[in-house]
1. Could you list, in sequence order, the residues of the stretch 111-125 that are touching a residue at least 40 places away in the same chain (Cβ under 8 Å), not in a loop (DSSP other than H, G, I, E, B) and not aliphatic (A, V, I, L, M)?
2. So, in the stretch 1-48, exactly how many residues are within 24 Å of SER103 (Cβ to Cβ) and of a type in the set (Asp, Glu)?
3. Out of curiosity, is LEU67 closer than 28 Å to MET1 by Cβ, assigned to a loop (DSSP other than H, G, I, E, B), touching a Leu at 6+ places or on another chain (Cβ under 7 Å) and not charged (D, E, K, R)?
4. Taking SER30, is it surrounded by 12 or more Cβ atoms within 10 Å (Cβ to Cβ), of a type in the set (S, T, N, Q) and over 17 Å from VAL105 (Cα atoms)?
5. Of all residues being loosely packed, with under 15 Cβ neighbours inside 10 Å and closer than 15 Å to LYS112 by Cβ in the stretch 8-27, which is modelled with the lowest pLDDT? Just the residue, please.
6. Do we have any residue at all in the stretch 39-55 that's surrounded by 16 or more Cβ atoms within 10 Å (Cβ to Cβ), outside any loop (DSSP other than H, G, I, E, B), in contact (Cβ under 8 Å) with a residue 24 or more places away in the chain and out of contact with any helix residue (DSSP H, G or I) (no Cβ under 8 Å at 6 or more places or on another chain)?
7. For the stretch 94-110, check the following and say yes or no: at least one residue is touching a strand residue (DSSP E or B) at 6+ places or on another chain (Cβ under 8 Å), in a helix (DSSP H, G or I) and at pLDDT 95 or above.
8. Quick test of your reading of the structure: THR76 fulfils all but one of (1) of a type in the set (Val, Ile, Thr); (2) part of a helix (DSSP H, G or I); (3) over 18 Å from THR5 (Cα atoms). Name the failing condition by number.
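The values are calculated or read from the model by the stated rules, or taken from the named source; none is laboratory data. Model, not experiment: these values are computed from the prediction. For neighbour counting, all protein chains shown are included, and Cβ atoms are generated from backbone atoms with ideal geometry for every residue, glycine included.
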Amino acid sequence: MMNYTNTPDAPAAIGPYSQAISANGFLFASGQVPLMPGTGEIVGTTIEEQAERACQSIKAILAANGLGFEDVIKTTCFLANMEDFAAFNGVYGKYFTGKPARSCVAVKELPKKLLCEIEIIAVCK
């Protein structure tokens, strides 16, 4: 059985996808970008500001499922510029203290010319 997450504390899906789906003991969250919940406006102009907003959205999705960052087992991070890697890690490290498995790649471009996107997989309690 699949359960869909739809929390107002994270940006709503703007296409044919869900914020997150839990199935078979795992939560799979779509990539979170630095958009303000409710308005869809871009938050911040720096990698630090944008990473912070993306992490806040992940926090909201986890909380909506009774989970926290300690339940995250895998992340995939997308950066528009690999020169932002160290600054991104500074923000990321404040949230993902359990050091989940991670992939981090630079991509040619993100939607709306954003600087980062983070997706997660977590173990459900």
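1. Taking the stretch 111-125 as the starting set, the residues that turn out to be touching a residue at least 40 places away in the same chain (Cβ under 8 Å) are 111-112, 114-125.
Now narrow it down to the ones that are not in a loop (DSSP other than H, G, I, E, B): 111-112, 116-123.
Result: PRO111, LYS112, CYS116, GLU117, GLU119.
2. Matching residues across the stretch 1-48 total 1.
3. Working: closer than 28 Å to MET1 by Cβ: yes; assigned to a loop (DSSP other than H, G, I, E, B): yes; touching a Leu at 6+ places or on another chain (Cβ under 7 Å): yes; not charged (D, E, K, R): yes.
When the stated conditions are applied, LEU67 passes them.
4. no
5. The extreme case among them is ILE14.
6. Checked against the condition, which is being surrounded by 16 or more Cβ atoms within 10 Å (Cβ to Cβ), outside any loop (DSSP other than H, G, I, E, B), in contact (Cβ under 8 Å) with a residue 24 or more places away in the chain and out of contact with any helix residue (DSSP H, G or I) (no Cβ under 8 Å at 6 or more places or on another chain), the stretch 39-55 yields at least one hit.
7. Taking the stretch 94-110 and keeping what is touching a strand residue (DSSP E or B) at 6+ places or on another chain (Cβ under 8 Å), we get 96, 98, 100-107, 110.
Those left that are additionally in a helix (DSSP H, G or I): none.
Within the stretch 94-110 (the criterion being touching a strand residue (DSSP E or B) at 6+ places or on another chain (Cβ under 8 Å), in a helix (DSSP H, G or I) and at pLDDT 95 or above), the answer is no, since none of the residues qualifies.
8. (2)
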